[in-house]
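For reference, the structure discussed in these notes is given below.
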Amino acid sequence: MEFAIWEQALVVVLVLATTTIFALALKPRIELILAGKSDRVRTDDLGRRLWVTFKEVLLQTRVIGGRPVAGAMHAAVFGGFIFFGAETVEHFLKPFGVHFIPPFYKGIVAVWAVLVSIGILGLAYRRFVMVKISPDPKSYSSGFVALLILLLMVTFLYAQADPPAGLAKANWWLHALIIIVFPHLIVRSKHFHILMAPIDIFFRTERLADLKPLNLDIEELEASEEEVTFGLETLADLSWKQRMDFLTCVECKRCTENCPANLAGQELDPRGFILAGRASITDLETDAPAIGNILSETALGQCTTCGACEDNCPVGIEHLQVLMGAKQAQALALGTGMVADDFLKTVELRGNPFEQPASARTKLIEELEIPYFEDGKTDLLMWLGCVWSYNPDNRRSLEAMVQILKASGVSFGVLKEESCSGHHSRRQGEEMQFQTLAEENIERLKAAGAKKMVAPCPHCLHTIGREYGTLDDELELEVMHHSELIEELLSSGKIRLRANGNGKVPATYHDPCYLGRFEDVYDAPRDVIRQAGLKVTEMERHRQRAVCCGGGGAGFARQTEEEGTRVDQMRKNHVKETGAKLLVTGCPECKMMLDAAGG
Ligand code: SF4
Ligand code: SF4
């Protein structure tokens, strides 16, 4: 195919013009991100960050993991972007007589073009025809982009069929013009994620909802020249990563589809607040309040901090940083809007949320003849947590655990005193109370000399194991859940269970969010209950897709009415659908919630 000089000149002008217009459109978006506050270090642990980015971007693991069929189609389309990179460069060099792609690579690209065509048609069908599961059947920009991608594939494949010279030239120009238009759609639509997702994933925290302690040192804060704010009070408090998150959202709705409050018909909509964040930073002044513009007080109060939104997001968005920031602003700056402030007052007064004196715990320890931990003599610290210490409904669980530990011969003991771990105080934004409780407990744990701890409550487990260390790096404590310990004791033969269910008792298992999603402990509790002879039928939503019992974020102490279905009742209905006669869970708080849900 020959190109006249005027055609060559036109190609150069069009490429330069499109690059300039694209750069001009990109600039304000980059400025929106850079206007954010500084954030934690997000370039540490480079190897891990690069590996995660490679896995989730190039291998599309999270995209496929959440929705296998739609994810595979998306992966085919994404693969097209990779394979067509060199092909596109050659396309624009062709008028100047440059050809560098070997025939075998053309063959690979042709096969991939067919896969991309199938993928994009499938995705368009899902979006515009399967309206019940579509993330947005009215997304016309998606329809237009799908059409352009399909045309790109068709024109490429047509060119491989060696058409007559005139048609080949027209086909070349059509392919080139689509490529020239494409970047402008990307930068002005949700397809901006094509550029931003790898960057957002690279900068994402290693752990789900990784909370950084707030600096509450009053003297240091007063001496600071910066304006002091607590949490996400106004848009000016947004960090650059949060702003980047808002602009990166691909609007896929995976977060919303897994949000327990949204599933129960409540107002909270994780995609909605990320998109409201995008609109806010684009349209509003930086002194606009976050609550009311990004999400309402009602929606915020419905969040159980279960982490399902963040865990399911394929582009690295950290929903919990926004939610927790807003909750901190409520508790520390605004003083209104918390859904369980009686809980906070009781913990402040008693050190536990059950309005019990510490002597009730001491009495229980004596009655059950639980030994105290002794430095140098005891191997394992058993953390009781508030529910096992003060809620009589959980006494049988505690008795059983003590029986197991005594039968195993493990040397174990409890602390003389425990305060609430502070998990729910922190999840309500009460960072001051959390840090006070944590410091008390850290001192006790260090003084006891404990190196290994078992906890029944996943909230305590997560908070002590993952968060206390961010307040005091001298605390060295290995933390495990009691189901992991029981599994270990069973496999080492230190205990044997009487399999009294004989595989006949129909049971189901509810995954606690802070054990499963936050700690990745899914198998140990299931192994133990199977060894106890129960016949386990899984709920449709289990393991990573499990939904919260409604108790997270101090939901168990909620004073406000939930609109729509209550989350605990929804989960109880999931249990009933399995036909199970016995519900097993790995969290005393989930047990409390689901027992109380009735039915
Ligand atoms: S943390 Fe859970 S409850 Fe809160 S918005 Fe995310 S999915 Fe919904
Ligand atoms: S926040 Fe993430 S999961 Fe939710 S719609 Fe946006 S991209 Fe999808």
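The values are calculated or read from the model by the stated rules, or taken from the named source; none is laboratory data. Being a predicted model, the structure only gives us computed values, none of them experimental. Ideal geometry is used to build each Cβ from the backbone, glycine not excepted, and the neighbour counts take in all protein chains shown.
Name the residues in the stretch 193-210 that are surrounded by 16 or more Cβ atoms within 10 Å (Cβ to Cβ) and either basic (Lys, Arg) or in contact with a Lys or Arg (Cβ under 7 Å, 6 or more places away or on another chain) (or both), would you?
Phe202, Phe203, Arg204, Leu208
Within the stretch 35-54, track down each residue that is in a helix (DSSP H, G or I) and surrounded by 10 or more Cβ atoms within 10 Å (Cβ to Cβ).
Scanning the stretch 35-54 gives Arg48, Arg49, Leu50, Trp51, Val52, Thr53, Phe54.
Filter the stretch 298-322 down to the residues that are over 15 Å from Asn262 (Cα atoms) and not in a loop (DSSP other than H, G, I, E, B) and list them by number.
Once the filter is applied, which keeps residues that are over 15 Å from Asn262 (Cα atoms) and not in a loop (DSSP other than H, G, I, E, B), the stretch 298-322 yields Asp311, Leu320, Gln321, Val322.
Restricting attention to the stretch 403-425, does a residue exist that is among the basic types (Lys, Arg), farther than 22 Å from Ala209 by Cβ and either free of Cβ contacts under 8 Å to residues at least 12 places away in the same chain or touching an Asp or Glu at 6+ places or on another chain (Cβ under 7 Å) (or both)?
There is at least one residue in the stretch 403-425 that is among the basic types (Lys, Arg), farther than 22 Å from Ala209 by Cβ and either free of Cβ contacts under 8 Å to residues at least 12 places away in the same chain or touching an Asp or Glu at 6+ places or on another chain (Cβ under 7 Å) (or both).
Any residue at all in the stretch 231-242 that's under 17 Å from the mean Cα position of the chain (by Cα), over 20 Å from Arg517 (Cβ atoms), more than 16 Å from ligand 1 (Cβ to nearest atom) and of a type in the set (Lys, Arg)?
yes
Among Ala176, Ala165, which is the only one that is among the small types (Gly, Ala, Ser), out of contact with any Asp or Glu (no Cβ under 7 Å at 6 or more places or on another chain) and under 30 Å from Arg29 (Cα atoms)?
Ala176
Name the residue that is nearest to Asn293 (Cα to Cα), counting only residues in the stretch 220-256 that are more than 16 Å from ligand 2 (Cβ to nearest atom) and aliphatic (A, V, I, L, M).
Out of the qualifying residues, it is Leu235.
How about the stretch 374-396: which of its residues are part of a loop (DSSP other than H, G, I, E, B) and surrounded by fewer than 21 Cβ atoms within 10 Å (Cβ to Cβ)?
Glu374, Asp375, Gly376, Lys377, Thr378, Asp379, Asn391
Looking at (1) of a type in the set (S, T, N, Q); (2) within 16 Å of ligand 2 (Cβ to nearest atom); (3) farther than 27 Å from Pro458 by Cα, find the lone condition where Thr336 falls short.
(2) is the only condition that Thr336 fails.
Among the residues of the stretch 306-319, how many are buried (at least 24 other Cβ atoms within 10 Å of the Cβ) and either within 6 Å of ligand 1 (Cβ to nearest atom) or modelled with pLDDT under 95 (or both)?
Going through the stretch 306-319 one residue at a time, the tally reaches 4.
Which condition number in (1) in contact with a Pro (Cβ under 6 Å, 6 or more places away or on another chain); (2) crowded, with 20+ Cβ neighbours inside 10 Å is the one that Lys581 fails?
With (1) in contact with a Pro (Cβ under 6 Å, 6 or more places away or on another chain); (2) crowded, with 20+ Cβ neighbours inside 10 Å applied to Lys581, the lone miss is (2).
Given the options Ala532, Ala524, Ala557, name the one that is at pLDDT 95 or above and surrounded by 16 or more Cβ atoms within 10 Å (Cβ to Cβ).
Ala524 is the lone residue from the list that is at pLDDT 95 or above and surrounded by 16 or more Cβ atoms within 10 Å (Cβ to Cβ).
List every residue pair whose Cβ atoms sit under 7 Å apart, with the two residues 6 or more apart in sequence or on different chains, where the first one lies in the stretch 348-364 and is touching a residue at least 12 places away in the same chain (Cβ under 8 Å) and the second, anywhere, is assigned to a loop (DSSP other than H, G, I, E, B) and surrounded by fewer than 18 Cβ atoms within 10 Å (Cβ to Cβ).
From residues that are touching a residue at least 12 places away in the same chain (Cβ under 8 Å), the pairs are Ala358/Glu417.
Going through the stretch 560-584 one residue at a time, which ones are within 16 Å of ligand 1 (Cβ to nearest atom), at pLDDT below 95 and among the basic types (Lys, Arg)?
The answer is Arg566, and nothing else.
Kindly indicate whether any position in the stretch 422-429 is closer than 25 Å to Gly376 by Cα, crowded, with 22+ Cβ neighbours inside 10 Å and either under 30 Å from the mean Cα position of the chain (by Cα) or charged (D, E, K, R) (or both). Don't jump to the end; show me each part of the working.
Filtering the stretch 422-429 down to residues closer than 25 Å to Gly376 by Cα leaves none.
No; the residues of the stretch 422-429 include none that is closer than 25 Å to Gly376 by Cα, crowded, with 22+ Cβ neighbours inside 10 Å and either under 30 Å from the mean Cα position of the chain (by Cα) or charged (D, E, K, R) (or both).
Given the criteria under 26 Å from the mean Cα position of the chain (by Cα), more than 21 Å from Pro458 (Cβ to Cβ) and aliphatic (A, V, I, L, M), does Ala407 qualify?
On the way: under 26 Å from the mean Cα position of the chain (by Cα): no; more than 21 Å from Pro458 (Cβ to Cβ): yes; aliphatic (A, V, I, L, M): yes.
When the stated conditions are applied, Ala407 does not pass them.
Which of the residues that make up the stretch 435-473 are modelled with pLDDT of 95 or more and among the acidic types (Asp, Glu)?
Result: Glu439, Glu440, Glu443, Glu467, Asp472.
Of everything in the stretch 259-279 that's surrounded by 19 or more Cβ atoms within 10 Å (Cβ to Cβ) and part of a loop (DSSP other than H, G, I, E, B), which residue is nearest to ligand 1 (Cβ to nearest atom)?
Here the answer is Cys259.
Out of Thr282, Thr256, which single residue is near ligand 1 (Cβ under 10 Å from one of its atoms) and at pLDDT 95 or above?
Thr256
Let's see how each residue does on (1) within 16 Å of ligand 2 (Cβ to nearest atom); (2) closer than 21 Å to Arg426 by Cα; (3) not β-branched (Val, Ile, Thr):
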site	(1), (2), (3)
Asp287	no, no, yes
Cys309	yes, yes, yes
Val315	yes, no, no
Gln321	yes, yes, yes
Gln328	no, yes, yes
Asp341	no, yes, yes
Thr346	no, yes, no
Arg350	no, yes, yes
Glu355	no, yes, yes
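Scan the stretch 265-280 residue by residue and report those that are closer than 26 Å to Gly335 by Cβ and away from ligand 2 (no atom under 13 Å from the Cβ).
Residues satisfying the conditions are Gln266, Glu267, Ser280.
Being more than 16 Å from ligand 1 (Cβ to nearest atom), part of a loop (DSSP other than H, G, I, E, B) and not β-branched (Val, Ile, Thr) is the filter here; which residues of the stretch 523-541 pass it?
From the stretch 523-541, those more than 16 Å from ligand 1 (Cβ to nearest atom) are 523-540; that's our starting set.
Filter once more, so that each one left must be part of a loop (DSSP other than H, G, I, E, B): 532-533, 537-540.
Result: Ala532, Gly533, Glu538, Met539, Glu540.
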